[in-house]
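Structure, as structure tokens:
Read the figures in this text as sums done on the coordinates, not as results from a lab. None of the values given here were measured: they were computed from a predicted structure. Reconstructed Cβ throughout: ideal geometry from the backbone, glycine too, with neighbour counts over all protein chains shown.
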Amino acid sequence: MRKLSGDTLLIATHNAGKLAEITDLLLPLGINVIGAAAHNLPEPDETETTFAGNARIKAHAAAQATGLPAMSDDSGIAIDALDGAPGVYTADWAETSNGRDFVMAMTKAHDRLVASGLDAPWTARFCCTLVIAWPDGHDEVFPGTVDGQITWPMRGEFGHGYDPIFQPDGHDITFAQIDPAAKNRISHRADAFAKLVKGCLD
């Protein structure tokens, strides 16, 4: 497995919430983080049907455009009663003509669960795949998950995305009710990140 050399890593995302989470995870390791916006990078079309495939698209595009090693994340929520949906289309469920509306997306998920006729608990998991790509085309892939269930109504003011309806196993509150620093220690991204650190940064 290739180790990351140097102290700078480009994070191929325009999502402020993701960038903040990843920055918090990397700073203690002495890694300087640069976001995609700092290089005015366009957002490539995510045309794959897996988290790994879409993360690879973003990481390789950023590495080729900047000449820097680039890390990308593709993540989403998979709900068992919905056959794993929304999955890689997690953000798409929130798309509107005026930007992303995650209240609408969470309501859509809940409405579909009710329509399924299946009783709670509605098991689910957040999934994250991190990819580091180098300008020469090499990459390393690290998947992570956190299991839990969908809860309703929405609860909490922290977090982003579907956090207000996801209650992780072992907790009686949602991701959006957990202090962000505590959430970052148990999240799907933290799981993937621990594997990345062991593989590429140790």
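The calculated 222 nm mean residue ellipticity attributable to helices in the chain amounts to -9000 deg cm²/dmol, summing -39500 (n - 2.57) over DSSP H runs of n ≥ 4 and dividing by all residues. The DSSP beta bridges internal to the chain are antiparallel in roughly 80% of cases. Each Cα pair under 8 Å and six or more residues apart adds its separation to the average, and for the chain the resulting relative contact order is 20 percent.
So if I take the centroid of the Cα atoms in the stretch 1-71 and the same for the stretch 91-107, what is the distance between those two points in Å? Computed from Cα coordinates, the inter-centre distance equals 24 Å. Distance between the modelled labels on Lys195 and Val103, one decimal in nanometres: 3.6 nm (7 Å Cα→Cβ projection).
For the chain, a Gaussian network of Cα nodes joined below 10 Å ranks Met106, Met154, Met71 by mean-square fluctuation, and the top entry is Met154.
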